[in-house]
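K.L.:
Quick one: the structure is below, questions incoming.
The values are calculated or read from the model by the stated rules, or taken from the named source; none is laboratory data. Just so it is clear, the model here is predicted, and its values are computed rather than measured. Here Cβ is always computed from backbone atoms with ideal geometry, including for glycine, and neighbour counts include all displayed protein chains.
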C-alpha cells in the first residue's frame, strides 16, 4: 500500500507509547493511594476502622472527625484541636515570608547590578550558606536568641526562618536579576535613579515571576517546618505541624485514626492549595535550582 | 570651536585585562563623532567611560568644561541610546520618556510639554500609551532616542543603536538620526562596527583597534587616505585590494611577482626607498579595465552583479583582486581583460610598520 506523504504526519500508537502510559498510570496510582486512604479513613467511624479493611470505601459517611481535629482534639494537656496551631502558623509564615523575600530581593539586586568590591565573595558565601544543613546551627542559634531575649517568642521564630531562607532566596533573586539586560540598569542610572529608586521603579516591576517562585518556596517551606517551630517558637506559638504531632503521638487512651487523618489533611491543606494554584510557577522555581524540602 | 567632550589620558582595565590605555580624544561642540572598530576594540568601553557607567583607572573626562570624572551618570548632562533599546518593560512609552524627569521631580506641565515636543519630532505620538512589548524594533529605538531627547542632554551617546534592526529599517533610522543631528546640532558620540553608518553619519570618525585610536579624521580622509593597513582594510565594502610588492627606485616601479606597476604618479613616492617591501592598496573602484602601456593582462574569474555596480574578480600573481564597474558592464567568465590602476588614488603601506607612506 503506497500512501503519498503529504500534510501532517499521522500519529501512530506504538507499543512503547502504550508502555509509557501504563507506567505513568501506575506512578499516579502509587502516589495517590496514601491520599485516598487518608480521605476515606477520615470519613469512617472508629468501629469501621477497627474492621481493618483499609482500602474499602466507608459504609456510612461520618464527618465528626473533621470538626474534632479542628477544634476539640487534645494536643498534650489542652483540647482545642488544631485551630490555635493554624493561626500560629499564619502568624509565623506571613511575616517570615515578607521579610525574607524582601531582603533577599534587595541582596540579589545588589549582587547582580552593583558590583561592589567583594561581591563575588559574598555570592560564594551565600552558596555555601544555602547548602549547610541547618540542624548544625540550631544549638548556637538557640544560645544567641536566648542571649538576645527573643528565644521562644514570635519574633524569635520569625528571625530564624528569615535567616535560613535568605541564602537560597538571595541566590535565586541574584540569578534572575543577572539574566535581565544590564542595559536597562545603565539606562536607569543615566535617567537619574539611585540604588533605591532603580530598585523600586525599574527592578521590582519586573520581578513578578521570581517573586512568586520565592513566595511559594518560602510559604511551603515554613509551613511544613517542624524542627525549627518545635525548638524556637515556644509553647504559645507552636505551629500547626508541631500540634499535629502532638495529636497523633498519643501516649494514653485510644488512637483515633480518623481524627489523625483529618488533622493531617487539614495541616497539609495550605501547601497543597499553594501547589495547585501555582503549579506552573513552582516547576519554574525547581528549574531555577531552588529545591528545598 | 570649543570642545564639548574631552577625554584626557584615560585608562581602563577589567581586572588585569587592560582595555584602554592612555587614550585621549577631543570632541567639538555640535560634532557627530563616530567610534568605529571591530568588536573588542574598546569603543563601547570608551563610551561607557564617558557616560560614567564604568569607573576609570586613570585619566579624566570633561564634559562642557566640567570635570565629570567622579560624577554619577545622571549628573553628566548626557542621554544614551542602547543597542538593546533598554526600555523599561513595565512602563508605557509615555512613562519611559518621562522617567528621567520624574526622578528629579520635574513639574507635570513641563514634562508633558517636553514629551509632546520629542514625540512630535520622532513621530511617536500615536504610541504614547503603549507598552514597549507592543512596539516594533524601529519604534522601540525611536522611543529610546526620545528618552534621551526629553532630558535635554548636552551630549548624546549612541551604543550601536541600529545593530538589532533589519537592513531597511537601519537605513531609515540612520537617515533620521542624521536629520536629528542637523536639527538639534547637539554633540553626538556614536559607537558602531558598521562602516556605512560611520561614513554616512560622522563629522569625524575615530577608527579604533585594541584600545588604540588608529586614525581620527573626516570620513573622506579616512576613506581616501587611510593611515595604516588596518584602517584601509576595515573601511570600504568591498574592501581594498592589497598586493605585496617591492619598490624599484630606478624604474619608479613596484614589483609584484614578475609583474611591474608604474607608481611614478604616487603622491609620496619620494618617501620610498629602493628595495623597500611595501603593500600596495587600491580600492575596487580605482581599477579600470582599459589597455595602456601600464595595464596588466588577466582573466575574469568571477562576476558579482550588485545592481548599481558589478564586481568583477580576477587575480594578479595569485592574489584575488576585485574591480568595481558600472552595473551595465557586461563581462563573462574567463574573458581576457587589461587592468590598470589609478595610482594617485592608491595607498602604499610599509610592509613592517603597516603605516601609510
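K.L.:
Can we say residue A:196 is within 14 Å of another protein chain (Cβ to nearest Cβ), in contact (Cβ under 8 Å) with a residue 40 or more places away in the chain and assigned to a helix (DSSP H, G or I)?
P.N.:
no
K.L.:
Something else about it: If residue B:232 satisfies all but one of (1) outside any loop (DSSP other than H, G, I, E, B); (2) over 15 Å from the mean Cα position of the chain (by Cα), what's the number of the condition it fails?
P.N.:
(2)
K.L.:
Which condition breaks for residue B:106 when tested against (1) free of Cβ contacts under 8 Å to residues at least 12 places away in the same chain; (2) part of a helix (DSSP H, G or I)?
P.N.:
(2)
K.L.:
For the range B:218-245, give me each residue that is farther than 15 Å from residue B:346 by Cβ, surrounded by fewer than 18 Cβ atoms within 10 Å (Cβ to Cβ) and at pLDDT 90 or above.
P.N.:
Residues satisfying the conditions are B:218, B:220, B:221.
K.L.:
Oh, and also: What are the residues in the range B:81-102 that are at the interface with chain A (Cβ under 7 Å from one of its Cβ atoms) and farther than 18 Å from residue B:124 by Cβ, if any?
P.N.:
B:84, B:90
K.L.:
Right, here's the next one. For residues in the range B:7-44 being without any contact (Cβ under 8 Å) to a residue 40 or more places away in the chain and closer than 15 Å to residue B:189 by Cβ, which is surrounded by the most Cβ atoms within 10 Å (Cβ to Cβ)?
P.N.:
Looking at the filtered set, the residue picked out is B:26.
K.L.:
With (1) buried (at least 19 other Cβ atoms within 10 Å of the Cβ); (2) at pLDDT below 90 as the list, and residue A:236 as the residue in question, which single condition is left unmet?
P.N.:
(1)
K.L.:
Just to check your reading of the model, which residue among A:243, A:238 is in contact with a strand residue (DSSP E or B) (Cβ under 7 Å, 6 or more places away or on another chain) and either within 14 Å of chain B (Cβ to nearest Cβ) or within 20 Å of residue A:156 (Cβ to Cβ) (or both)?
P.N.:
Result: A:243 is the single residue among A:243, A:238 that is in contact with a strand residue (DSSP E or B) (Cβ under 7 Å, 6 or more places away or on another chain) and either within 14 Å of chain B (Cβ to nearest Cβ) or within 20 Å of residue A:156 (Cβ to Cβ) (or both).
K.L.:
Being assigned by TED's automatic domain parsing to the domain that holds residue A:275, buried (at least 18 other Cβ atoms within 10 Å of the Cβ), over 30 Å from residue B:143 (Cβ atoms) and without any contact (Cβ under 8 Å) to a residue 12 or more places away in the chain narrows it down to one residue among A:216, A:150; which is it?
P.N.:
Only one candidate qualifies: A:150.
This table checks each residue for (1) farther than 30 Å from residue A:136 by Cβ; (2) surrounded by 17 or more Cβ atoms within 10 Å (Cβ to Cβ); (3) within 23 Å of the chain's Cα centre (by Cα).
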{"site": "A:167", "(1), (2), (3)": "no, yes, yes"}
{"site": "A:173", "(1), (2), (3)": "no, yes, yes"}
{"site": "A:183", "(1), (2), (3)": "yes, yes, no"}
{"site": "A:187", "(1), (2), (3)": "yes, yes, no"}
{"site": "A:190", "(1), (2), (3)": "yes, yes, no"}
{"site": "A:194", "(1), (2), (3)": "yes, no, no"}
{"site": "A:198", "(1), (2), (3)": "yes, yes, no"}
{"site": "A:202", "(1), (2), (3)": "yes, yes, no"}
{"site": "A:205", "(1), (2), (3)": "yes, no, no"}
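K.L.:
Would you check which residues across the range A:64-92 are assigned to a strand (DSSP E or B) and over 28 Å from residue A:162 (Cα atoms) and list them?
P.N.:
Residue satisfying the conditions is A:78 alone.
K.L.:
Which residues, counting only those in the range B:58-80, are within 14 Å of chain A (Cβ to nearest Cβ) and loosely packed, with under 15 Cβ neighbours inside 10 Å?
P.N.:
B:71, B:72, B:75
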